[in-house]
Amino acid sequence: MKNFIKEFRQYSKDNEKPYFFAEKEIQNSVNTALKFYSRKKPIIRECNITIVEGQKLYALPEDYQTWYKGLEKYAIVGNCIVLKTGYYGMISFLYYADRKITEIPESELYLFYSFCYGDLLEKKALKMTEQGITDGNLKTMKLGRGLELTFEEGKNNKEMLLDIAKDKKQLFFEGIRGNVVGSWC
């Protein structure tokens, strides 16, 4: 995550202190993007669950989306496997899982930079509007030491910021659109 944040700061030109986007804000935005990305492009993981005497309920992994292979004979309720009969052994299966940032192909990281920039800019624009900062006619807005936006004369600054944010996020959604991997009901 640290490397992603460093690269994001370069991408957004928010690379001089004091930063406009806080590290925690960037992490939250990445996590949001990972959820969207993982719904379209999950990764397959393997799981082994050891069956113990007297236990009939087993939690599925936290990153579990849906099973791929190996759970055909079992009842799945919520995020748990429910056994009808008690037996000893192991349940081995493959499942579709949420991705981590380190599992995103290098060629698609730019999508995450774009999403995060749009997401964070949108939140800042809304916050600045609440504080009345964007009420005046701004020509140039210094967001961070290296991050600067220039506006057209006479346009609503809030709308312009939100349009920029929307365009950045749209690049992400267009990039993940296409063949969906996995299956959902």
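The values are calculated or read from the model by the stated rules, or taken from the named source; none is laboratory data. Owing to the predicted nature of the structure, the values given are computational and were not obtained by experimental measurement. As a convention, Cβ positions derive from the backbone with ideal geometry for all residues, glycine included, and neighbour counts pool all protein chains shown. Just the protein is used for accessible areas: all its heavy atoms, side chains included, with ligands, DNA and RNA removed. Shrake-Rupley method; radii C 1.70, N 1.55, O 1.52, S 1.80 Å.
Classify region 16-108: rounded, prolate or oblate, from the alpha-carbon gyration tensor (a ≥ b ≥ c, eigenvalue square roots; a/c under 1.5 rounded; otherwise prolate if a/b is larger than b/c)?
Prolate shape, in that a/c is at least 1.5 and a/b is the bigger ratio.
How much accessible surface area, in Å² rounded to 10, belongs to the heavy atoms of Cys47 with a 1.4 Å probe?
Accessible surface of Cys47 is approximately 20 Å².
Work out how much length Asn31 to Glu106 would gain on full extension: take 0.36 nm times their residue separation and subtract the Cα-Cα distance, in nm to one decimal.
Gain on stretching Asn31 to Glu106: 25.3 nm.
Which value, in Å² rounded to 10, gives the accessible area of Glu25 with a 1.4 Å probe and all protein chains present?
For Glu25, solvent-accessible area is about 70 Å².
Compute the accessible area per residue over region 5-50, keeping the other protein chains in place, probe 1.4 Å, unit Å².
Counting only protein heavy atoms, the per-residue value for region 5-50 is 57 Å².
Could you tell me which residue out of Val52, Gly78, Thr66 lies farthest along the dipole of region 52-133 toward its positive end? Charges go on the beta carbon: Lys and Arg +1, Asp and Glu -1, centred on the Cα centre.
Comparing the listed Cα positions along the dipole, Val52 ranks first.
Using the structure shown, select from Lys124/Lys169; Lys41/Lys69; Lys41/Lys123; Lys13/Lys124; Lys2/Lys40; Lys123/Lys158 the pairs with a Cα to Cα distance greater than 19 angstrom.
Lys41/Lys123; Lys2/Lys40
Counting only the heavy atoms of the protein chains, how much of Lys41 is accessible to a 1.4 Å probe, in Å² to the nearest 10?
Looks like 40 Å² after rounding.
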